[in-house]
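My questions will all concern the structure given below.
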Amino acid sequence: MSRVSRAQAEENRAGVVAAAARLFRERGVQGVSVADLMKAVGLTHGGFYKQFASKEALVTEAAERAFVDRDTYLAGLDEGHPDRADARRAMVEEYLSPEHRDEPGTGCPSAGFAGALAQAAYEGNVASQQTYAEGVRRFADWMAEGEDDGLLATCTLVGAILLARATSSTEMSDEILRTVRASVGESLK
């Protein structure tokens, strides 16, 4: 049996974190076993514990990775629009779209990790909850305008996408997206 190089081990770890960030948002933390996760990246189940102290430790890293990816996306919106108001309007259009609703694995971590981290708080996973709170705060700060700290808009968006996903096989789902998109869009003018 050959040992993996340090560089390969770091690459494997990064791959596991990226896959976990996607799969946890798609299926929830409880819906992804360590074996499923390692299989998704082509590694053995036993290798997991060489890289991570626990699944809870991975949840914290995966949430941080997902929020950093979201931060990068938001920075790209800033660069691609003449001002923050235009960037926010573009983000709301994307956020409250059927595509975002239907692709939670690549979607917003504020919505994607909400249920799992509510459970984690109950189970005492303070590190994951802190990482999540920091990511939500960064999203709210990006949404902020003037005296508004952005928290209301963030909560509205996250709640809307969660409700749209929970009702995705009904007409109500598209109605939620349309209604909240119009309301939040109007408030950003």
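The values are calculated or read from the model by the stated rules, or taken from the named source; none is laboratory data. This is a predicted model, so every value here is computed, not measured. Methodologically, a virtual Cβ is constructed for each residue, glycine included, from the backbone with ideal geometry; neighbour enumeration extends over all protein chains shown. Each accessible area value is taken on the protein alone, full model and side chains, heavy atoms only, with ligands, DNA and RNA left out. Shrake-Rupley method; radii C 1.70, N 1.55, O 1.52, S 1.80 Å.
Magnitude of the Cβ-charge dipole of the chain, K/R +1 and D/E -1, about the Cα centre, nearest 20 debye? Walk me through the intermediate numbers first.
On the way: 21 positive and 29 negative charges, 183 e Å.
The dipole magnitude comes to about 880 debye.
Hey, what's the chain come to in accessible area per residue, 1.4 Å probe, Å²?
In whole numbers, the chain has 54 Å² accessible per residue.
Could you grab the relative contact order for segment 1-95? Cα pairs under 8 Å, six or more apart, rounded to a whole percent.
Details: 49 pairs, mean separation 23.6, N = 95.
In percent, rounded to a whole number, it is 25.
Just the number, please: carbon plus sulfur as a percent of the accessible area of segment 1-52, 1.4 Å probe, no ligands or DNA/RNA counted.
Carbon-and-sulfur percentage of accessible area, whole number: 51.
What 222 nm value per residue comes from the helices of the chain, counting each DSSP H run with n ≥ 4 as -39,500 (n - 2.57) and dividing by all residues, nearest 500 deg cm²/dmol?
Values: 11 runs with 141 residues, N = 189.
For the chain, the value works out to -23500 deg cm²/dmol.
Let me ask something else. If you average the alpha carbon positions of segment 139-166 and of segment 1-23, how far apart do those two centres end up, in angstrom?
Here the answer is 33 Å between Cα centres.
What shape does segment 63-189 have by the C-alpha gyration tensor, where a ≥ b ≥ c are the square roots of the eigenvalues, rounded means a/c under 1.5, and otherwise prolate means a/b greater than b/c and oblate the rest?
oblate
How would segment 111-176 be classified by its alpha-carbon gyration tensor: rounded, prolate or oblate, with rounded meaning a/c under 1.5 and the a/b versus b/c comparison settling the rest? Don't skip to the end; give the middle numbers.
Values: a/c = 3.57, a/b = 1.14, b/c = 3.15.
Note, shape of segment 111-176 comes out oblate.
A further question follows. Highest mean first, what order results for 131-139, 171-179 on Cβ atoms within 10 Å? Could you put the intermediate results ahead of the total?
Details: 131-139: 19.2, 171-179: 14.9.
The packing order, highest mean first, is 131-139, 171-179.
What percentage of the solvent-accessible surface of segment 66-189, computed with a 1.4 Å probe over protein heavy atoms, is contributed by carbon and sulfur atoms?
55 percent
Relative contact order for the chain using alpha-carbon pairs under 8 Å, separation at least 6, rounded to a whole percent?
22 percent.
Is the shape of segment 51-98 best called rounded, prolate or oblate, per the rule: a/c under 1.5 gives rounded, else a/b larger than b/c gives prolate, else oblate, with a ≥ b ≥ c the square roots of the Cα gyration tensor eigenvalues?
Since a/c reaches 1.5 and a/b is larger than b/c, the shape of segment 51-98 is classed as prolate.
Would you please give the residues with an amide H less than 5 Å from that of Glu145, counting only those at least 5 places away or on a separate chain, with H modeled from the backbone geometry?
Answer set, sorted by chain and number: Gly150.
If I build a Gaussian network model for the chain, linking alpha-carbon pairs within less than 10 angstrom, which residue out of Ala164, Ala127, Ala66 has the largest mean-square fluctuation?
So, out of Ala164, Ala127, Ala66, the one fluctuating most is Ala127.
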